[in-house]
Amino acid sequence: MTEVISVVSGKGGTGKTFTAANLSLALQNFGEQVVCLDTDLDSPNLALQLGHTPEDHTIEDVLRGEVSELKGVNVHDSGLMFVPSSLHLTDDTVSEERIREMVDRFSSFADRTVIDAPPGFNEGFYSSMRNSDRMLVVTNPEYQAINDVRKIAEEAEKHGVNIEGVVLNKVEGMLEEASKEEIEKTTGLDVIQTIPHHKEVRKSIHQMEPVASDPHSKIGHSFRELAANMTDREFKAPWYSKIVRSWKKLTRR
Ligand SMILES: Nc1ncnc2c1ncn2[C@@H]1O[C@H](COP(=O)(O)OP(=O)(O)O)[C@@H](O)[C@H]1O
Ligand SMILES: [Mg+2]
């Protein structure tokens, strides 16, 4: 059976797709077979975050029954399988049953299925949530965002879905930001990973190389730590990663 982890947030732009893509890659690089599903039909950026250009087959084709679940799968160099969405807006929503059918198809070979969910609280969000074994909530250190996290926590409890924790993304270290402690106290959830706002992220998309594909990237290490934490593994960043990063910076690679 494949374990389903959905990556959710209250609003768009928090870094769900960034997290889903890099968490999936980190798990794949630990030797698991992972399938990542883009169920955010309004903001379909999974392929982009994985360094792929628009794909032949998308989740819409699968939903309309034009291609089979397996034909909708694209493969990243790492072996990570993903079902992207397309930029063509359609009336389709990803129903709970269709996600379940897709997940069932993958369960014979995928250790884990990561869902890049649409922002809450529409039908697509609930479809993803109800098909999940556990959820990861991505938020930014803004006070408004904390209310969204609280609401997600309440909805998860109502539906009996376990929340693994919060990924606090785009941290700039400013005084005005909500702190990890404040978020934990207000939401009752653990912040299990903190990721800085960093120009490396934009660069990685421009260069079509996700941060988790670079074995020495500092943000890549954050995702390896997160993936290890979520799957009871040990991860320790190599001591020489810092030297490799300095060398790349000096030689502009
Ligand atoms: N830690 C970060 N540092 C800098 N930019 C980031 C970071 N996380 C995400 N971004 C950028 O923010 C934008 C929104 O991220 P995305 O993952 O698409 O959000 P969502 O899927 O929640 O809508 C993207 O351009 C992404 O590259
Ligand atoms: Mg997204």
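Here are a few things to note about the model shown:
- When residues in region 1-18 are screened for being part of a helix (DSSP H, G or I) and more than 9 Å from ligand 2 (Cβ to nearest atom), 0 of them pass.
- Scanning region 151-162 for residues being surrounded by fewer than 16 Cβ atoms within 10 Å (Cβ to Cβ) and more than 18 Å from the chain's Cα centre (by Cα) gives a total of 6.
- Cβ-Cβ contacts under 7 Å between residues 6 or more apart (or on different chains), taken from a first residue in region 204-224 that is touching a residue at least 24 places away in the same chain (Cβ under 8 Å) to a second residue that is of a type in the set (D, E) and assigned to a loop (DSSP other than H, G, I, E, B), are listed as G220/D214.
- Lone unmet requirement of (1) at pLDDT 90 or above; (2) closer than 24 Å to E97 by Cα; (3) surrounded by fewer than 19 Cβ atoms within 10 Å (Cβ to Cβ) for F30: (2)
- For L37, the conditions (1) part of a helix (DSSP H, G or I); (2) within 16 Å of ligand 1 (Cβ to nearest atom) are fulfilled apart from (1).
- For the residues I152, I115, the requirement of being in a strand (DSSP E or B) and either out of contact with any helix residue (DSSP H, G or I) (no Cβ under 6 Å at 6 or more places or on another chain) or modelled with pLDDT of 95 or more (or both) singles out I115.
- Output for region 12-27, where each listed residue is near ligand 1 (Cβ under 9 Å from one of its atoms) and either hydroxyl-bearing (S, T, Y) or surrounded by 24 or more Cβ atoms within 10 Å (Cβ to Cβ) (or both): T14, K16, T17, F18, T19, A20, A21
- Residue that is modelled with the lowest pLDDT [pool: residues in region 55-87 that are within 16 Å of ligand 1 (Cβ to nearest atom) and outside any helix (DSSP H, G or I)]: L87
- Helices (runs of 4 or more DSSP H) completely within region 163-231 that count 1 or more residues being of a type outside the set (D, E, K, R) and within 16 Å of the chain's Cα centre (by Cα): 199-206, 218-230
- Test: residue in region 184-192 that is more than 21 Å from D116 (Cα to Cα), of a type outside the set (V, I, T) and touching a helix residue (DSSP H, G or I) at 6+ places or on another chain (Cβ under 8 Å): yes
The values are calculated or read from the model by the stated rules, or taken from the named source; none is laboratory data. Note that the structure is predicted; figures quoted are calculated from it, not measured. When we count neighbours, we look across all protein chains shown, and the Cβ atoms used for this are built from the backbone with ideal geometry, even at glycine.
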